[in-house]
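A.B. asks: Structure incoming, see below.
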């Protein structure tokens, strides 16, 4: 079995037939049919059931297609690595970030990349928290920065911890919640909340909620923290997120921390696949990312 066979089987499964797959592969339909027929004869297995111009994978065909996708992604990653080695620093790195990691560590990381790899092409993709993991698993990006809870179910990823911070509730000055001490979910969920997503840790803290509490917990959901902050500044909405997200507003006195019982830590990790981790460039990104959150800003260091 050759790589072209894997590509052909995968495209036939995606297209649902030989004609559509042949157009995608830019070969003739008879050429594709003969290629698969020869492979089936070689393996003594039937890979597709053919009927009225359609093709449905057998159990063997479906098994090959499932394995083929991961193998072809590995080959694609290897090709990119070779191209980067051939061009030196003139390669490309693709980075996925969530609502919080877009603000830290991404900006400082980009400054450090510009200094160390001035010819490197960078592509950033902003996703929801879970979407960051999907982009990495699908091969659309080389590295991703995500919250530990979102990464928990992806056991096969390479993880490098960047930093952690406490998840808090924040309110505008004069908000009634600021008079509370060690407020629990029944007290805080009397007010609408603004947040990027309801994390499992927050749901566990909230426990069994009334209809009003459940609605307040999801009163304003956005992947843009500037909108979350503005909502808290303009209304009685409580902003929820890692403390660093509200640093400027705290310093300027426009937001204050609400004293509550939520004991949840935001942990930011850099993640990549085992295949991508073999790339020296990806390892360099891990080094630069850690420096971005532990050292002085690149401009100050210079």
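A.B. asks: Restricting to region 112-150, count the residues that are part of a helix (DSSP H, G or I) and under 19 Å from residue 283 (Cβ atoms).
C.D. replies: Qualifying residue count, region 112-150: 6.
A.B. asks: While we're looking at this one, here's another question. May I ask you to list the residues in region 261-280 that are over 21 Å from residue 133 (Cβ atoms) and under 19 Å from the mean Cα position of the chain (by Cα)?
C.D. replies: none
So that you can scan it fast, the table gives a plain yes or no per residue for (1) in a helix (DSSP H, G or I); (2) over 18 Å from residue 73 (Cα atoms):
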{"site": "8", "(1), (2)": "yes, no"}
{"site": "11", "(1), (2)": "yes, no"}
{"site": "19", "(1), (2)": "yes, yes"}
{"site": "23", "(1), (2)": "yes, yes"}
{"site": "31", "(1), (2)": "yes, yes"}
{"site": "41", "(1), (2)": "yes, yes"}
{"site": "49", "(1), (2)": "no, yes"}
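A.B. asks: So is residue 204 farther than 30 Å from residue 115 by Cβ and surrounded by 16 or more Cβ atoms within 10 Å (Cβ to Cβ) or not?
C.D. replies: no
A.B. asks: Say whether the condition of being closer than 30 Å to residue 153 by Cβ and either surrounded by 21 or more Cβ atoms within 10 Å (Cβ to Cβ) or at pLDDT below 95 (or both) is met by at least one residue in region 249-257.
C.D. replies: The answer is no; no qualifying residue exists.
A.B. asks: Taking region 1-58 as the region of interest, how many residues are touching a helix residue (DSSP H, G or I) at 6+ places or on another chain (Cβ under 6 Å) and touching a residue at least 60 places away in the same chain (Cβ under 8 Å)?
C.D. replies: Final tally of qualifying residues: 2.
A.B. asks: Does region 287-295 contain any residue that is free of Cβ contacts under 8 Å to residues at least 24 places away in the same chain and touching a helix residue (DSSP H, G or I) at 6+ places or on another chain (Cβ under 7 Å)?
C.D. replies: There is at least one residue in region 287-295 that is free of Cβ contacts under 8 Å to residues at least 24 places away in the same chain and touching a helix residue (DSSP H, G or I) at 6+ places or on another chain (Cβ under 7 Å).
The values are calculated or read from the model by the stated rules, or taken from the named source; none is laboratory data. The shown structure was predicted, so the numbers you read here are calculated from the model rather than taken from an experiment. Virtual Cβ from ideal backbone geometry, glycine too; neighbours counted across all protein chains shown.
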